[in-house]
Amino acid sequence: MPIVNIQLIEGRSAEQKEALIEKVTAACVDSIDCTPESVRVVLSDVAIQDFGLCGESVAKRRAAKETAS
C-alpha cells in the first residue's frame, strides 16, 4: 500500500487538494501498478511563518515582495 505524504504551504483550496489527491493516486496506479483503493495520500498544510526558503520564512519573503511592488 503506497502512502504519499505531501507538505504544502497553506492557502490551497479544497478543490485544489481534491485534484492533487486524484492525480497523485493516478500517478501511483500508473507507475507502480497498484489499485486506487490501496493508495493513501496525506496532505499537510504548513503555515507560511513555519516554512523557510533561502534563509527566510515564506511570510517574510512575501512581505518583502509586497513592499517592493
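Given (1) surrounded by 13 or more Cβ atoms within 10 Å (Cβ to Cβ); (2) closer than 21 Å to GLU10 by Cβ; (3) modelled with pLDDT of 95 or more; (4) of a type in the set (Ser, Thr, Tyr), where does THR25 come up short, assuming only one miss?
With respect to (1) surrounded by 13 or more Cβ atoms within 10 Å (Cβ to Cβ); (2) closer than 21 Å to GLU10 by Cβ; (3) modelled with pLDDT of 95 or more; (4) of a type in the set (Ser, Thr, Tyr), THR25 is out only on (2).
Residues in segment 29-50 that are loosely packed, with under 10 Cβ neighbours inside 10 Å and within 15 Å of the chain's Cα centre (by Cα): how many?
1
Given the conditions (1) modelled with pLDDT of 95 or more; (2) loosely packed, with under 10 Cβ neighbours inside 10 Å; (3) part of a helix (DSSP H, G or I), which single one is not true for GLN16?
(2)
Pairs needed: first member in segment 28-44, under 20 Å from GLN16 (Cα atoms); second member anywhere, in a helix (DSSP H, G or I) and of a type in the set (S, T, N, Q); C-beta distance under 6 Å; at least 6 residues apart or different chains.
Close Cβ pairs satisfying both conditions: PRO36/THR25; VAL39/THR25.
Could you tell me how many of the residues in segment 51-66 are within 23 Å of ILE6 (Cα to Cα), of a type in the set (Gly, Ala, Ser) and loosely packed, with under 15 Cβ neighbours inside 10 Å?
2
Is it fair to say VAL58 is on the phi < 0 side of the Ramachandran plot and within 16 Å of the chain's Cα centre (by Cα)?
yes
The values are calculated or read from the model by the stated rules, or taken from the named source; none is laboratory data. The structure displayed is predicted, hence computed values, not measured ones. For neighbour counting, all protein chains shown are included, and Cβ atoms are generated from backbone atoms with ideal geometry for every residue, glycine included.
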